[in-house]
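Reviewing the structure listed below.
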Amino acid sequence: MTNVTDFHVEVARIQKAIETHLGMGGNVIYDFANEDNKVKLNLITVNPRHNQSFLLHTLLGIDKLDALQKMLEYVQGSYHKESSYTLQWRVNGDEELHTSYFRARDMYEALDKLYYNRDLNNIIVYSLVLNPIT
């Protein structure tokens, strides 16, 4: 059995590995919730340029460590196999047009990641483009 210190050290190690792999530094939020006797992890990124947060991925684990380990496996593998999308958007009442990039299975999932935890009427999307495979 792992003691409390080892648990926190392992959590920190996995989180650092996720952030390093994504090149995000401290701009990642780990949002944990209980769902159907499992742990749901929403990995959220924060763009420091325009201070907006976006959903990167959601998954379920048996516990917090399992969810983090699955997220690390996702960002190291499946994440880069998903399609890349470019979205141009702006916040209602703001004149600046923003460009954001998402990895998703399809365009609907890319939009879901943009609109995650937001009022749909607060963001105007001007374009959504599937990027060519490189």
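Looking across the range 88-122, the residues that are closer than 17 Å to Ile44 by Cα and among the aliphatic types (A, V, I, L, M) come down to Ala104, Ala110, Leu111, Leu114.
Every residue in the range 56-90 that is more than 12 Å from the chain's Cα centre (by Cα), in a strand (DSSP E or B) and without any contact (Cβ under 8 Å) to a residue 24 or more places away in the chain, please. Correct list: Gly61 only. Of all residues assigned to the range 94-104, none qualifies as being more than 13 Å from the chain's Cα centre (by Cα) and closer than 30 Å to Arg13 by Cα. The number of residues in the range 79-134 being touching a helix residue (DSSP H, G or I) at 6+ places or on another chain (Cβ under 6 Å), more than 13 Å from His57 (Cα to Cα) and of a type in the set (Phe, Trp, Tyr) comes to 1. Applying the criterion of being part of a strand (DSSP E or B), of a type in the set (Val, Ile, Thr) and in contact with a helix residue (DSSP H, G or I) (Cβ under 9 Å, 6 or more places away or on another chain) to the residues of the range 18-47, the residue that is surrounded by the fewest Cβ atoms within 10 Å (Cβ to Cβ) is Val28. In the range 91-108, the residues that are in contact (Cβ under 8 Å) with a residue 60 or more places away in the chain and surrounded by fewer than 10 Cβ atoms within 10 Å (Cβ to Cβ) never reach a residue that is hydrophobic (A, V, I, L, M, F, W, C) and not in a strand (DSSP E or B) with C-beta atoms less than 9 angstrom apart, at least six apart or across chains. Within the range 109-124, the set of residues being within 15 Å of the chain's Cα centre (by Cα), assigned to a helix (DSSP H, G or I) and without any contact (Cβ under 8 Å) to a residue 24 or more places away in the chain comprises Glu109, Tyr115.
Just so you know, all these numbers are worked out from the coordinates, no wet-lab data involved. The model shown is predicted, which means the values in this text are computed figures rather than measured ones. Note that each Cβ is placed from the backbone with ideal geometry, even for glycine, and that neighbours are counted across all protein chains shown.
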